[in-house]
Amino acid sequence: MIFDFVAGILSFFLLFSLCCSRSLPKVQQPDPECDYNITQLIQSKGYPWEEHKVTTADGYILGVFRIPHGRNASSSTPGRPVLLQHGLLDSATSWVINFPEQSLGFILADAGYDVWLGNMRGNHYSRAHVKYNPDHDEAFWDFSWDDMARDDLPSMIYYILNQTKQTQIGYVGHSQGTMIGFAEFGNLSNLVQNNVSLYVALAPVAHVGHIKSPIKYLSTTTIIKDLELYWHILFGRNEFLPSSDIVRWLATYGCEQIIVDRLICENIFLVLYGPEKKNLNETRMPVYVAHEPAGTSVKNMIHFAQGVQTNTFQAYDYGSPEKNQLHYNQTTPPAYAIRPMKVPTAIFSGGEDWVADSDDVSFILDNVQSLVYQKLIPDYNHVDFIWAMDANKFVYADLLNVMEKYHPPT
């Protein structure tokens, strides 16, 4: 049955490929920022920058970037640190990809903060390890957001505190960046939460059972018993690099009812997050697409797909009681708890979010006892919180007000 299903899927992809084999016109990319790396994006806007390397306990080398102060700072002495953490398939570029008055990284720097931009293991800026080669060693890609929460997040926080000689940090997460925040801060035995004075969750994610993203079509009950096997057959075991045929297939669910340009519907990042672009600067679409997706592991995608199936907030399921016992010393994956979290938390959610659906966000709101601010933006989708032209008005202005109260710049 397994192989019949897989053969059918692969046959569909092959047929779809033949039907769509006509060469597509190349998208013009006149904007030089399409080819900029993150430091060039920061420097082109007149901001100072630093590049740092953070090594985790299990050997991953993370690229972390710093904007120590704003363009017109009266003093070059940095203010209090804030860590911005990107979402699934994303990178730190999202915080600086728009113009200074629209990008949260620049806005916080101009407000007097010492801004740090994190990158999770396996993305474009964190594709390194003390032992493994990501191009040759399968072991490099043996991770999911469990490892990001347990190792990457605290490694970056402690590194930043050590560099700045501060005792607390402000933390802003988007999407997956919120998931690892809830997982890490909700465990009271993790002392790193004592070093976080404010946690801001943009498009928050914990449960994902109600998502509208096309990823749900690769997480159906038809394959619930063999989810890991199917994903490995379709995508391999290393870096998540879906073929153009698979992206087009997913895009039929994401774009067929919405009139959007082909550039969006051929980008896996935007297909999974939602192609609606009414709040985006359309002239910068080539820049967004040039920088996304930024990479992750197939195992990480499987972990998200497991969450879609089970609608639980738990560690990676290795597929059998025996394997789970080997990894966790129990037959089922450990559950993550949000309710014990004591870090002051501000939540911003969207009414048209394909990933952080309102039903799933309700689970978070019902369980966060340390909630200090909550705002729903009715017409925002998942990427609007980092890319929308008016995010400075509807999100960042309120974010700065909350930050001033719980984590002032000086």
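Structure above, values below:
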quantity	calculated
Residues that are in a helix (DSSP H, G or I) and acidic (Asp, Glu), drawn from segment 104-158	Asp110, Glu138, Asp146, Asp147, Asp151, Asp152
Residues satisfying the stated conditions in segment 22-46, i.e. small (Gly, Ala, Ser) and at pLDDT 85 or above	Ser44, Gly46
The one condition in (1) over 19 Å from the mean Cα position of the chain (by Cα); (2) in contact (Cβ under 8 Å) with a residue 12 or more places away in the chain that Ala388 fails to fulfil	(1)
Residues (buried (at least 23 other Cβ atoms within 10 Å of the Cβ) and not hydroxyl-bearing (Ser, Thr, Tyr)) located in segment 93-106	Trp95, Val96, Ile97, Asn98, Leu104, Gly105, Phe106
Residues (small (Gly, Ala, Ser), within 15 Å of the chain's Cα centre (by Cα) and open to solvent by 20 Å² or more (accessible area, probe 1.4 Å)) located in segment 282-315	none
All helices (runs of 4 or more DSSP H) inside segment 292-410 with 3 or more residues being touching a strand residue (DSSP E or B) at 6+ places or on another chain (Cβ under 9 Å)	298-310, 358-367, 384-387, 397-406
Residues (in a loop (DSSP other than H, G, I, E, B), over 18 Å from Lys299 (Cβ atoms) and of a type outside the set (Asp, Glu)) located in segment 87-103	Ser91, Val96, Ile97, Asn98, Phe99, Pro100, Gln102, Ser103
Criterion: at negative phi, under 17 Å from the mean Cα position of the chain (by Cα), open to solvent by 10 Å² or more (accessible area, probe 1.4 Å) and touching a residue at least 24 places away in the same chain (Cβ under 8 Å) - qualifying residue of Asp90, Asp142, Asp146	Asp146
Options Ala73, Ala92: the member that is at pLDDT below 95, within 25 Å of Lys393 (Cβ to Cβ) and among the aliphatic types (A, V, I, L, M)	Ala73
Those residues of segment 149-191 which are touching a Lys or Arg at 6+ places or on another chain (Cβ under 8 Å) and without any contact (Cβ under 8 Å) to a residue 60 or more places away in the chain, in sequence order	Glu184
Those residues of segment 184-210 which are over 18 Å from His407 (Cβ atoms) and open to solvent by 10 Å² or more (accessible area, probe 1.4 Å), in sequence order	Asn187, Leu188, Ser189, Asn190, Leu191, His207, Gly209, His210
Number of the condition not met by Ser74 [criteria: (1) more than 23 Å from Thr167 (Cα to Cα); (2) surrounded by fewer than 20 Cβ atoms within 10 Å (Cβ to Cβ); (3) touching a residue at least 40 places away in the same chain (Cβ under 8 Å)]	(3)
Tyr336 of a type in the set (Ser, Thr, Tyr), within 20 Å of Gln193 (Cβ to Cβ) and open to solvent by 50 Å² or more (accessible area, probe 1.4 Å)	yes
Residues satisfying the stated conditions in segment 159-179, i.e. surrounded by fewer than 24 Cβ atoms within 10 Å (Cβ to Cβ) and part of a helix (DSSP H, G or I)	Tyr159, Ile160, Leu161, Asn162, Gln163, Thr164
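The values are calculated or read from the model by the stated rules, or taken from the named source; none is laboratory data. Every value quoted in this text rests on a predicted model; they were computed, and no experiment measured them. Virtual Cβ from ideal backbone geometry, glycine too; neighbours counted across all protein chains shown. Accessible surface areas use protein heavy atoms only, side chains included; no ligands, DNA or RNA. Shrake-Rupley method; radii C 1.70, N 1.55, O 1.52, S 1.80 Å.
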